[in-house]
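> Input: one structure, supplied below.
The values are calculated or read from the model by the stated rules, or taken from the named source; none is laboratory data. All figures in this text were calculated on a predicted structure; none of them were measured in a lab. Here the Cβ positions follow ideal geometry from the backbone for every residue, glycine too, while neighbour counts run over all protein chains shown. Note: accessible area is taken over every heavy atom of the protein model, side chains too, but ligands, DNA and RNA are not part of it. Shrake-Rupley method; radii C 1.70, N 1.55, O 1.52, S 1.80 Å.
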Amino acid sequence: MDLTKPDSSVVQLAVDLACRAPSLHNSQPWRWTYVDGRLQLFGDHRRLLRAADPTGRQLHISCGAALDHLRVGLLGLRWSADIHYEDRGVSPNLFATVEFRHDARPRSHDFDMLAAIRRRRTDRRAFGLFDAIDELTDCVAEVGRKLDIGVTVLDSDQRAGLLRATEASAAARRYDSEYQAELHWWAGHSMSSGGIPETSLVSGGGSVPIARTFPARRNAAMGDQGAIDESTVLAIGTTTDTRRDWLRCGQVLSSILLEATVRGAATCPLSHMTEVPGSRALLNRLVPEVGVPQMLVRIGRAPGGTPPVMTTRRSMSEVLTVT
């Protein structure tokens, strides 16, 4: 066995796990190429949401989350991943190159994180309080420090201010026909290539005031509207606002979601407040200690009832090329 070059079956399994990462509206904006023993990650700008994400920042964050899912998957397969970020000048679409070492010694928690990749769901319902939230937030804050990414728990006053940022975002989008058309294309119906199925939405989006407003779910249970959201909200931010920052932010987002899943918490990433300049600036004033705000995450105890379904993923033939 070549200890520097995993065979294509190992790479395919790892990429399959990587592609379980979250992405804006489940757009899955990534492509992978395995060549000469190295795995390259490209952004798939054909799947860029041009109204919600005109700069491609969320596309990069999604790809960063896929990079971390890949790392977790490879670790479970006893491979270490050395991730090298590529400069934009080399290629605007080539984000990172992964080299391999067959020297990993995974521990039990690493296998828990691997299993969490298949179990994780974005849950848009209202959450209850999660009892072990302090231990979880301490853990993920340390993960952020290792990548120079700020992770901050919002206090009650900051949490209350999120409603203003959400309202500012919604007001900016209300009469944006391109954004509304894009949202309705990706959310509320099944597509084999991605998107958010109707069963993953809540009725009218009304149960979580700080959430993005999605198309109303038909025939939803009345209970969707009545629950009070008691989630803890984390803000993820960076010192600067570069492509590398966005990728690292996605890696930290992945770690937060998987760590929370291992510990039994439900999660829901929130990006809408950072997509509009006005609401992003408001968020920056609200949580200055996090730096440039990139993403928020709700964490809490999942409500009863039917959990969210696993969303569809693109086929390996669409996302991975082996040469």
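> Given (1) out of contact with any strand residue (DSSP E or B) (no Cβ under 9 Å at 6 or more places or on another chain); (2) of a type in the set (A, V, I, L, M); (3) free of Cβ contacts under 8 Å to residues at least 60 places away in the same chain, identify the lone condition not met by Met310.
(3)
> Okay, moving on. Could you list, in sequence order, the residues of the stretch 128-165 that are among the hydroxyl-bearing types (Ser, Thr, Tyr) and touching a residue at least 40 places away in the same chain (Cβ under 8 Å)?
At the first step, the residues of the stretch 128-165 found to be among the hydroxyl-bearing types (Ser, Thr, Tyr) are 137, 152, 156.
Within the stretch 128-165, Thr137, Thr152 qualify.
> Checking Pro6 against (1) touching a Phe, Trp or Tyr at 6+ places or on another chain (Cβ under 8 Å); (2) closer than 30 Å to Arg280 by Cα; (3) surrounded by 19 or more Cβ atoms within 10 Å (Cβ to Cβ), which single condition isn't satisfied?
Every listed condition holds for Pro6 apart from (2).
> Among the residues of the stretch 297-313, are any out of contact with any helix residue (DSSP H, G or I) (no Cβ under 6 Å at 6 or more places or on another chain) and under 25 Å from Ser169 (Cα atoms)?
The answer is yes, given that some residue of the stretch 297-313 is out of contact with any helix residue (DSSP H, G or I) (no Cβ under 6 Å at 6 or more places or on another chain) and under 25 Å from Ser169 (Cα atoms).
Quick grid of which residues meet (1) out of contact with any Gly (no Cβ under 8 Å at 6 or more places or on another chain); (2) open to solvent by 50 Å² or more (accessible area, probe 1.4 Å); (3) at pLDDT 90 or above; (4) over 18 Å from Gly278 (Cβ atoms):
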residue: Leu147; (1), (2), (3), (4): yes, no, yes, yes
residue: Val153; (1), (2), (3), (4): yes, yes, yes, yes
residue: Leu163; (1), (2), (3), (4): yes, yes, yes, no
residue: Glu167; (1), (2), (3), (4): yes, yes, yes, no
residue: Arg173; (1), (2), (3), (4): yes, no, yes, no
residue: Ala187; (1), (2), (3), (4): no, no, yes, yes
residue: Met191; (1), (2), (3), (4): yes, no, no, yes
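> Looking at (1) open to solvent by 70 Å² or more (accessible area, probe 1.4 Å); (2) closer than 22 Å to Cys268 by Cα, which one does Arg101 not meet, given that it meets all the others?
(2)
> Given the conditions (1) more than 29 Å from Leu282 (Cα to Cα); (2) hydrophobic (A, V, I, L, M, F, W, C); (3) out of contact with any strand residue (DSSP E or B) (no Cβ under 6 Å at 6 or more places or on another chain); (4) at pLDDT 95 or above, which single one is not true for Val98?
Condition (3) is where Val98 drops out.
> While we're on this one: Filter the stretch 16-27 down to the residues that are assigned to a loop (DSSP other than H, G, I, E, B) and closer than 19 Å to Thr261 by Cα and list them by number.
Residues satisfying the conditions are Cys19, Arg20, Ala21, Pro22, Ser23.
> Also, I was wondering about something else. Within the set of pairs 6 or more residues apart or between chains, which connect a residue that is over 25 Å from Lys5 (Cβ atoms) inside the stretch 104-118 to a residue that is not in a helix (DSSP H, G or I) with Cβ atoms less than 7 Å apart?
These pairs meet every condition: Arg118/Arg20.
> If you don't mind, there's one more thing I want to ask. Within the stretch 104-122, which residues are open to solvent by less than 60 Å² (accessible area, probe 1.4 Å) and either closer than 24 Å to Trp246 by Cβ or assigned to a helix (DSSP H, G or I) (or both)?
Asp110, Met113, Leu114, Ala115, Ala116, Ile117, Arg120, Thr122, listed by residue number.
> Looking only at the stretch 71-130, filter to residues that are touching a Cys at 6+ places or on another chain (Cβ under 7 Å) and of a type outside the set (S, T, N, Q); which one of those is farthest from Ala227 (Cα to Cα)?
Filtering the stretch 71-130 down to residues touching a Cys at 6+ places or on another chain (Cβ under 7 Å) leaves 95, 122-124.
Next cut, of a type outside the set (S, T, N, Q) only: 95, 123-124.
Numbers: Phe95: 41, Asp123: 14, Arg124: 12 Å.
The extreme case among them is Phe95.
> For the stretch 87-99, enumerate the residues that are in a strand (DSSP E or B) and either under 17 Å from Arg248 (Cβ atoms) or among the aromatic types (Phe, Trp, Tyr) (or both).
Listed by number, the residues that qualify are Leu94, Phe95, Ala96, Thr97, Val98.
> Hey, another quick one. If the Cβ limit is 6 Å and pairs must be 6+ apart or interchain, which residue in the stretch 34-49 that is under 21 Å from Gly195 (Cα atoms) pairs with which residue that is in a strand (DSSP E or B) and of a type in the set (D, E, K, R)?
Qualifying pairs under 6 Å: Phe42/Arg31; Asp44/Arg31.
> Can you spot a residue in the stretch 295-305 that is of a type outside the set (A, V, I, L, M, F, W, C), farther than 20 Å from Leu201 by Cα and modelled with pLDDT of 95 or more?
No: the stretch 295-305 contains no residue that is of a type outside the set (A, V, I, L, M, F, W, C), farther than 20 Å from Leu201 by Cα and modelled with pLDDT of 95 or more.
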